[in-house]
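Contents: one structure, followed by commentary.
The values are calculated or read from the model by the stated rules, or taken from the named source; none is laboratory data. It should be emphasised that the depicted structure is a prediction, and the values quoted were computed from it without experimental measurement. Cβ: placed from backbone, ideal geometry, glycine included. Neighbour counts: every protein chain shown.
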Amino acid sequence: MTSSIEIDKEFKMVSETAPVHAQVTMTQDGGADTALTDSDVVMVTGGSGLIGKALEWVVQEQARKGTSAGEKWVFLSSKDGDLVDRAATEAIFVKHRPTHVIHLAAKVGGLFANMRQKVDFYRQNVLLNDNVMECCHKFKVKKLISCLSTCIFPDKTSYPIDETMIHNGAPHMSNYGYSYAKRMIDVMNVCYRDDYGCNFTSIVPTNIYGPHDNFKLEDSHVIPGLIHKCYIAKQEGTPFVIWGSGTPLRQFIYSRDLAELIVWTLQNYESTEPIILSVDEAAELSIKQVAESIVKAMDFQGEVVYDTSKSDGQHKKTASNKKLRSFLPDYEFTSFEEGIQVACDWFVENYDNARK
């Protein structure tokens, strides 16, 4: 179902107490201020997922505090129409007449699905992205932000990775189709700008975690997977088993911090070039540190085991947020301890309805 949020919508908060930072209003040097107005309609594709729900929460907080412009937000789910179908996509645009679009929807899957279905992951994402972008052009949307992924960067590269390196080599074969489909968003952003003057851009978040994540053990990302495994171990009195040695390093961004930065991007970032939205390099954590934080947040008292017969995967995929920091040098990210406590509490309290 479509979820529309306006100032007077009933607001409910369920044990989700991580702080919301002050709304950021600074603009890029020399760039036009694209602050939202009360006549604007911001439509979010993929609005029922991890990032969409975080955006919804941030928007509700801004409305509650009176810091929003009174714009209308529309959060789409797959029930609102198939974005792979052009007619269905146009019908959505006709219905909601968005002035701004945040494009989060994608065909996604775990490692083995990506390896087995490269054609499907490429074709469906290319069709979906093409429909959204062409409709944004056709319906004269003021701004489009699409979501990329760090997995699209070259498999063989130097670190830290930055926005200039996306097309410097082939992505890893495990997600070849998906990665190239996502890369084409960056290509088409430039083409739409050059041919039609469209204001299209993209964001590249690092590893995201928070409430409303996908906690399915077979295809979830590392943090929701570990939270679910820890919960089961606690309930059943069994060891909490972490695959691998726990030594790989990753950067993790709390979903509500990412949502705030997306809103900032919507209002202030005026370049077609992608921007990495990530915590600092110094905030990189080992998987062992992540597991220990989850053990503490879940109050798990049992045995913790590292199954070193399982592969560690890539040791590190460090991303630079130098561009982001050039605009927001003082932005304070939610501490990992705070964010992981909220994520764990949400999963426990919503266990029956969580995606798992």
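Below is a table of values for the structure above.
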quantity: Any hit, the range 243-253, residues being without any contact (Cβ under 8 Å) to a residue 60 or more places away in the chain, out of contact with any helix residue (DSSP H, G or I) (no Cβ under 6 Å at 6 or more places or on another chain), farther than 20 Å from W346 by Cα and not in a helix (DSSP H, G or I); calculated: no
quantity: Options G70, G109: the member that is more than 27 Å from H172 (Cα to Cα), part of a loop (DSSP other than H, G, I, E, B) and out of contact with any Pro (no Cβ under 6 Å at 6 or more places or on another chain); calculated: G70
quantity: Hey, D38 in a loop (DSSP other than H, G, I, E, B), at pLDDT below 65 and over 20 Å from the mean Cα position of the chain (by Cα) or not; calculated: no
quantity: Unique match (being crowded, with 16+ Cβ neighbours inside 10 Å, farther than 25 Å from L50 by Cβ and at pLDDT 95 or above) among C198, C147; calculated: C198
quantity: Pairs, first closer than 17 Å to D40 by Cα in the range 135-163, second surrounded by fewer than 16 Cβ atoms within 10 Å (Cβ to Cβ) and of a type in the set (V, I, T), C-beta under 9 Å, six or more apart; calculated: F139/V94
quantity: Residues located in the range 267-311, provided they are basic (K, R) and assigned to a helix (DSSP H, G or I); calculated: K288, K296
quantity: Check on V94, β-branched (V, I, T) and in contact with a helix residue (DSSP H, G or I) (Cβ under 8 Å, 6 or more places away or on another chain); calculated: no
quantity: First in the range 297-313 and touching a residue at least 24 places away in the same chain (Cβ under 8 Å), second anywhere and among the acidic types (D, E), Cβ under 9 Å, 6 or more apart; calculated: A297/E337; A297/D345; V304/E292
quantity: Flag if A106 is surrounded by 15 or more Cβ atoms within 10 Å (Cβ to Cβ), closer than 23 Å to C198 by Cα and out of contact with any strand residue (DSSP E or B) (no Cβ under 6 Å at 6 or more places or on another chain); calculated: yes
quantity: Search result, residues across the range 140-161 that are over 25 Å from G109 (Cβ atoms) and either touching a Lys or Arg at 6+ places or on another chain (Cβ under 7 Å) or of a type in the set (K, R) (or both); calculated: K140, K142, K143, Y159
quantity: Search result, residues across the range 73-97 that are within 18 Å of V141 (Cα to Cα), not in a helix (DSSP H, G or I) and not aromatic (F, W, Y); calculated: V74, L76, L83, R97
quantity: Members of the range 180-193 that are of a type outside the set (A, V, I, L, M) and either modelled with pLDDT under 95 or surrounded by fewer than 20 Cβ atoms within 10 Å (Cβ to Cβ) (or both); calculated: Y180, R183, C191, Y192, R193
quantity: Residue in the range 324-337 that is of a type in the set (D, E) and in a helix (DSSP H, G or I) present; calculated: yes
quantity: Candidate set: the range 43-95, residues that are β-branched (V, I, T), farther than 18 Å from C147 by Cα and surrounded by fewer than 21 Cβ atoms within 10 Å (Cβ to Cβ); chosen: the one modelled with the lowest pLDDT; calculated: T67
quantity: Single match in S335, S278 (criterion: surrounded by fewer than 20 Cβ atoms within 10 Å (Cβ to Cβ) and within 18 Å of the chain's Cα centre (by Cα)); calculated: S335
quantity: Odd one out for E338, checked against (1) within 18 Å of P224 (Cβ to Cβ); (2) free of Cβ contacts under 8 Å to residues at least 40 places away in the same chain; (3) not hydrophobic (A, V, I, L, M, F, W, C); calculated: (2)
quantity: Lone unmet requirement of (1) out of contact with any strand residue (DSSP E or B) (no Cβ under 9 Å at 6 or more places or on another chain); (2) assigned to a loop (DSSP other than H, G, I, E, B); (3) among the β-branched types (V, I, T); (4) modelled with pLDDT of 95 or more for T157; calculated: (4)
quantity: In the range 92-115, the residues that are out of contact with any Gly (no Cβ under 6 Å at 6 or more places or on another chain) and more than 30 Å from V222 (Cα to Cα); calculated: F93, V94, K95, H96, R97, P98, T99, H100
